[in-house]
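Below you'll find the structure, written out as structure tokens, and then a few comments.
The values are calculated or read from the model by the stated rules, or taken from the named source; none is laboratory data. Values in this document were obtained by computation on a predicted structure and should not be read as measured data. Here the Cβ is made from the backbone with ideal geometry for all residues, glycine too, and neighbour counts use every protein chain on show.
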Amino acid sequence: MTAHFQETLAVGRRELNVRAEIDNMRIAALWQVLLPIAGEIRSVKISTAQTRDFADFTISFGCIPLAVLWAIVDRLGSMTWVTSVKLTPG
């Protein structure tokens, strides 16, 4: 068994949080990035903090390698409208 395969089996719940200013959140762009791994999405939570003018998307995943999620983090982090991206390995 390879290390990568072992890591995939040992996965807990992994979450990705994407934050942007409410007026700058680009839902379609976010989903375009997530489309290749959409089958592993288990839940999506959208919240806003209107006093701070931010929207947060928290996406939970099933069994998916961390390397795949880190690539998504890098891609989202390079987008100018994204304020922050956080990965919780689970």
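Taking the stretch 39-75, which residues are assigned to a helix (DSSP H, G or I), of a type in the set (Gly, Ala, Ser) and either farther than 24 Å from Pro89 by Cβ or modelled with pLDDT under 95 (or both)?
Gly39, Ala67 - these are the residues of the stretch 39-75 that are assigned to a helix (DSSP H, G or I), of a type in the set (Gly, Ala, Ser) and either farther than 24 Å from Pro89 by Cβ or modelled with pLDDT under 95 (or both).
Name the single residue, out of those in the stretch 76-87 being over 10 Å from the mean Cα position of the chain (by Cα) and either among the aliphatic types (A, V, I, L, M) or surrounded by fewer than 13 Cβ atoms within 10 Å (Cβ to Cβ) (or both), that is nearest to Asp23 (Cα to Cα).
This residue is Val82.
Can you report the number of residues in the stretch 53-81 which are under 14 Å from Met25 (Cα atoms) and in contact with a helix residue (DSSP H, G or I) (Cβ under 9 Å, 6 or more places away or on another chain)?
So the count comes out to 8.
What tally of residues in the stretch 38-66 results from selecting those that are more than 22 Å from Thr83 (Cβ to Cβ) and aliphatic (A, V, I, L, M)?
3
Report yes if Ala3 is among the hydrophobic types (A, V, I, L, M, F, W, C) and modelled with pLDDT under 85, otherwise no.
yes
Looking at Ser43, is it within 20 Å of Asp23 (Cα to Cα) and surrounded by fewer than 15 Cβ atoms within 10 Å (Cβ to Cβ)?
So Ser43 fails the test.
Please identify the pairs in which a residue from the stretch 37-55 that is farther than 21 Å from Ala71 by Cβ has its Cβ atom under 6 Å from the Cβ atom of a residue that is assigned to a strand (DSSP E or B) and among the aromatic types (Phe, Trp, Tyr), counting only partners at least 6 apart or on another chain.
From the stretch 37-55, the pairs are Ile46/Phe57.
Against the conditions (1) free of Cβ contacts under 8 Å to residues at least 24 places away in the same chain; (2) touching a strand residue (DSSP E or B) at 6+ places or on another chain (Cβ under 7 Å), where does Leu30 fall short? Just the number, please.
All conditions pass for Leu30, except number (1).
Suppose we keep only residues that are within 11 Å of the chain's Cα centre (by Cα) and aromatic (Phe, Trp, Tyr) within the stretch 46-70. Which one would you say is surrounded by the fewest Cβ atoms within 10 Å (Cβ to Cβ)?
Trp70
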